[in-house]
Amino acid sequence: MRFPLLFVHVLFLAIGVGLFLKAWPLLAEVPIGAILGSESWHPLRGDFGLYPFIMGTLAVTALAMAISIPVCLLSAVYLSEYAGTRIRESVRLAVDILAGIPSVIYGLCGILVIVPLVRELGEAIGIQTTGYSLLAGGIILAIMVAPFIIALTVEVFRTIPIEARESALALGTTRWEMVHHVLLRHARRGVMAAVVLGFSRAFGETMAVLMVVGNVPQVPGSLFDPAYPLPALIANNYGEMMSIPLYDAALMLAAFILLLVVSVFSLGAHFTLLRIGRFGV
Amino acid sequence: MAMVLGSLEGRAAERGPAVGKAPATVDLQGTIRVSGAWALYPMMVKWAEEFRKLHPKVRIDVSAGGAGKGAADTLTGMVDIGMVSREIRQEETRQGLFGVPVVKDAVFPTINGNNPVLATLMKKGIKKSVFTDLWIMGKPLTWGSVAGQAVPTRIQVYTRSDSCGAAETWAKYLGKKQEDLKGVAVYGDPGVAEAIRRDPAGIGYNNLNYAYDMRTGRPVAGLQIAPIDVNENGRVDPGERLMSKHDAIQAVLAGRYPSPPARDLYLVAKGNFKGTSLAFVRWILTDGQRYAEEVGYLKVTPGQVKESLKKVR
């Protein structure tokens, strides 16, 4: 029982330390602040500014969360409280299938459907855009994490005893008030966990986002601007590693930062859950 | 990122020794490992197949993954021969990378078939300075300003997200490096072609074999090749008109199409080619050249062949 746990921790540390050591040649030459704060990405000139990529990662993630959390929560509430058995079962099947689709297929659908849609949306509101944008990346990521979040949230709702619902309804609340005051409140920790797990699962799914996000190393100024997240940077340039000095170190540093961001994100969620647990619901 | 590994041993073995060809004078054997540029991959597969008909005991493993990967794999000793679809960088030469040009192809600017000023562009062409404004300066130009008409559609510039020879070559034409190219970056040659096919305001660039349809020899459906006004006289002369792959190949061969974006494709080794690889590369430079046009490439000039044969000895 203890050994596997130890193994998991050692593995995590090993990955972190390994990436850090690989990134060291660059860190030894350029101060970390200059790398993280610089917007200039010109590997051949020795400029390895990661700022646009970090901002791109945060922007795509934030956007995807903003789109998918409300949709997923409401879907889960509908499925668990309002839908009949037949609808619930068929949707569950669809969600399971969606969760298993390889990300490159989501990417292709993104190019064929979402990118043109974003372009038309832009035109409709008077912005000319290629459609390869932060918005397209956010939508794709939101769609990709939805199956995980919905499935987990429905599971969480199912753990709430039927008596809790019945006693609320018996007090004369409407069904929506019951959902609001009983269900969502009781399930808060679980829902948070579902969201975090869904995102951790999707965060590494580089391919689909890479295909629609435009990959321009600049800080996106609007939803219709292209962005360039860290995973896409690593995936796009991995083949070029050996022939440019310090390039591999820069990519390893990008990977290390990605690992840190994800860890901080997960730890943050973890401590929020602990707090909710301690102070009660 | 993606890797294709095709061992050609099985296929060639089924066919047995080629009928009607002179038997190999030297009984070559061993394994040749090849990796690198997508641009050279189809050509290399054909060469490997033909070479194995002559030398059935030679095994050739070909994988693709981009010019950068080819150079890196060769330098680390993962492969015997690397395929590189751009000129060899100084940093790479310093680390011992050596290469010879084996075929040519070219990169062409591509636009949407429904471009708002298509007719004018086909008559007047596009000057190099416009490409520089778009890809290097990142100026927000409209199609109207390029054609001299009142069309307010802004030009949408596309480039490649993966590090590749096509982008490097296009950047070199504009006097820069791939990392200096502005524009929305899309993965892979087919990716850029698809983006342009779907965007009437778009402009991008593609390798010969992605700009023109393999079967018909015309530009890929939905795409047009933007004619470059090479001599800058304000109109597209007959020699600058590239309506078919044949026109394009002729223009590159005759040197009417500028180079870059016409380019040599290289095979590289660490130090020099050795043993079986050496025999293979020498064969590619001589007998192997005749397969170039069949697969959709251009032969290198006899002068280049002579010089290369001297260098690989």
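State which helices in chain A qualify, where a helix is a whole DSSP H run, it must extend 27 Å or more along its own axis by its Cα atoms, and its mean Kyte-Doolittle hydropathy must be at least -1.0.
Helices meeting the criterion: A:2-29, A:51-77, A:134-158, A:247-279.
Of all accessible surface on chain A at a 1.4 Å probe, what whole percent is carbon and sulfur?
71
Identify all aspartates and glutamates with a Cα-Cα distance to B:LYS270 below 19 Å; exclude those on the same chain that are fewer than 8 residues away in sequence.
Cα-Cα hits under 19 Å: A:GLU240, B:ASP61, B:ASP73, B:ASP80, B:GLU87, B:GLU91, B:GLU92, B:GLU307.
In Å and whole numbers, how far do the C-alpha atoms of segment A:47-149 stretch along each principal axis, longest first?
Projected onto its principal axes, the Cα set of segment A:47-149 covers 56, 33, 24 Å.
Once ligands and nucleic acids are excluded and a 1.4 Å probe is used, how much of B:ARG33 is accessible, expressed in Å² to the nearest 10?
90
How far, in nm, would the chain grow between A:ILE105 and A:ALA28 when pulled straight, counting 0.36 nm per residue and subtracting the alpha carbon separation?
Net length gain for the segment: 23.7 nm.
Report in % the part of the accessible area of segment B:134-266 that belongs to carbon and sulfur, leaving out ligands and nucleic acids; probe 1.4 Å.
Carbon-and-sulfur percentage of accessible area, whole number: 53.
Buried accessible area between A and B (1.4 Å probe, both chains summed, ligands and nucleic acids excluded), in Å² to the nearest 100?
Separately minus together, A and B give about 2500 Å² buried.
Among the aspartates and glutamates, which have Cα under 16 Å from the Cα of B:LYS306 when same-chain residues fewer than 8 positions away are ignored?
Straight-distance partners of B:LYS306: B:ASP264, B:ASP287.
What FRET efficiency do you get for A:PHE271 and B:THR31 if R0 is 56 Å and r is their Cβ-Cβ distance, rounded to the nearest 0.05?
FRET efficiency, A:PHE271 to B:THR31: 0.50.
Mean residue ellipticity at 222 nm from the helices of the protein assembly as shown, using -39,500 (n - 2.57) per DSSP H segment of n ≥ 4 over the full residue count, to the nearest 500 deg cm²/dmol?
Result for the protein assembly as shown, helices only: -15500 deg cm²/dmol.
Amide H neighbours of B:VAL103 under 5 Å, counting only residues 5+ apart in sequence or on other chains, H built in-plane at 1.01 Å?
Placed amide hydrogens put B:LEU265 under 5 Å from B:VAL103.
Rounded to the nearest Å, what's the spacing between the alpha carbon centres of segment A:102-117 and segment B:140-202? Just the number, please.
When both Cα centres are located, 21 Å separates them.
Residue by residue through segment B:169-182, what is 3J(HN,Hα) from phi via Karplus (6.51 cos²θ - 1.76 cosθ + 1.60, θ = phi - 60°)? Round to whole Hz and write x for glycine and proline.
Calculated HN-Hα couplings, in order: 5, 5, 5, 5, 4, 8, x, 9, 10, 3, 5, 8, 6, 8 Hz.
Can you give me the accessible area per residue for the protein assembly as shown, using a 1.4 Å probe, in Å²?
Ligands and nucleic acids excluded, the figure is 46 Å² per residue.
May I ask you to evaluate 6.51 cos²θ - 1.76 cosθ + 1.60, the Karplus curve with θ = phi - 60°, for each residue of segment B:81-95 and list the ³J(HN,Hα) values in order in whole Hz, giving x for glycine and proline?
After applying 6.51 cos²θ - 1.76 cosθ + 1.60, I find 10, x, 9, 10, 9, 8, 5, 6, 6, 4, 4, 6, 4, 4, 7 Hz.
Just which residues of segment A:104-147 lose 40 Å² or more accessible area with every protein chain there, against their chain alone, with the probe set to 1.4 Å?
In segment A:104-147, residues shielded by partner chains: A:LEU112, A:ARG119, A:GLN128, A:THR130, A:TYR132.
Please state, as a whole number in µm²/s, the translational diffusion coefficient that the Stokes-Einstein equation yields for the protein assembly as shown at 25 °C and 0.890 mPa s, with Rh defined as the Kirkwood radius across alpha carbon pairs.
91
The values are calculated or read from the model by the stated rules, or taken from the named source; none is laboratory data. In this text the structure is predicted, and so the values were computed from the model without any measurement. Note: ideal-geometry Cβ built from the backbone for every residue, glycine included; neighbour counts use all protein chains shown. Only protein heavy atoms, including side chains, enter the accessible area calculation; ligands, DNA and RNA are left aside. Shrake-Rupley method; radii C 1.70, N 1.55, O 1.52, S 1.80 Å.
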